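**Student:** Below: one structure in C-alpha cells.
Here, each number is a calculation from the coordinates, and none is a lab measurement. Just so we're clear, the structure is a prediction, and the values are computed from it rather than from any experiment. Counting neighbours? That spans all protein chains shown, and the Cβs are built from the backbone with ideal geometry, glycine included.
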Amino acid sequence: MKELADSPASAEQTEAKMVLGLLVWTLIAGTEYFRVPAFGWVMFVAVFYWVLTVFFLIIYITMTYTRIPQVPWTTVGLCFNGSAFVLYLSAAVVDATSVSPERDSHNFNSWAASSFFAFLVTICYAGNTYFSFTAWRSRTIQ
C-alpha cells in the first residue's frame, strides 16, 4: 500500500476514482433507476467501491497501515483493485447496454453520462491494478 500510495500517478488515480465513482452513482441515483433492474447492479458496484476507496484513503492518510504490519498491504491492494476492475467493467457494460432513449427519455442523459463515467472509473481501476501488480510482484520477488 505504501509503495502504491507514494507514487504520484496512484494519488491522482485515487482522486479520479473517487470523483468519477461519485459521479456514476449520483447520476443514476438522481433518476428513477429502480424501473430498470440492471441499474441496481451498477449502483451496488459504484457505491460499494466508492466507500471502500474512501476507506482505504483514510487508512493511508492516517498511516494506519504502518501500525498493522501483519496485513500484506500490497496483496490487499492488488485484490481490491483487481476485483474493482472486473466488477466495474461488468457494471459499465451493463450500464451502457441498459441506456436507451426509448426506455425513459427523461433520464436518458443522466444514464448515458453515468455509463461514460463508469468506463472512465474502470480505466482508473485497471491502471491501479497494473501498479498494484507490479508492486506486489516486486515485493514477492525480494
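**Student:** Please compute, over every Cα-Cα pair in the stretch 70-142, the percentage with a separation greater than 21 angstrom. Provide the component values of the computation, followed by the final result.
**Tutor:** Numbers: 1083 of 2628 pairs.
That fraction is 41 percent.
**Student:** What longest range of the chain stays clear of loop-exposed GluC sites (Glu not before Pro) (DSSP non-H/G/I/E/B, at most 15 other C-beta within 10 angstrom)?
**Tutor:** Free of exposed loop sites, the longest segment is 33-101.
**Student:** Could you state the angle between the C-alpha long axis of helix 38-61 and the longest principal axis of the C-alpha atoms of the chain, as a value from 0 to 90 degrees rounded to the nearest 10?
**Tutor:** 30
**Student:** For the chain, set up a GNM with springs between Cα atoms under 10 Å and report which of LEU27, LEU52, LEU78 has the largest fluctuation.
**Tutor:** Highest fluctuation among the options: LEU52.
**Student:** Could you give me the radius of gyration and the Dmax of the chain, taking only the C-alpha atoms into account and expressing both in angstrom?
**Tutor:** 16.5, 57
**Student:** Could you give the length gained on full extension between SER105 and SER138, defined as 0.36 nm per residue of separation minus the Cα-Cα distance, in nm?
**Tutor:** Value of the extension gain: 6.9 nm.
**Student:** Still on this structure, please answer the following. For the Cα atoms of the chain, what angle does the longest principal axis make with the long axis of helix 8-29, in degrees from 0 to 90, nearest 10?
**Tutor:** 30
**Student:** If you don't mind, another one. Note the angle between two axes, namely the Cα long axis of helix 108-141 and the longest principal axis of the Cα atoms of the chain, as a number of degrees from 0 to 90, rounded to the nearest 10.
**Tutor:** 20
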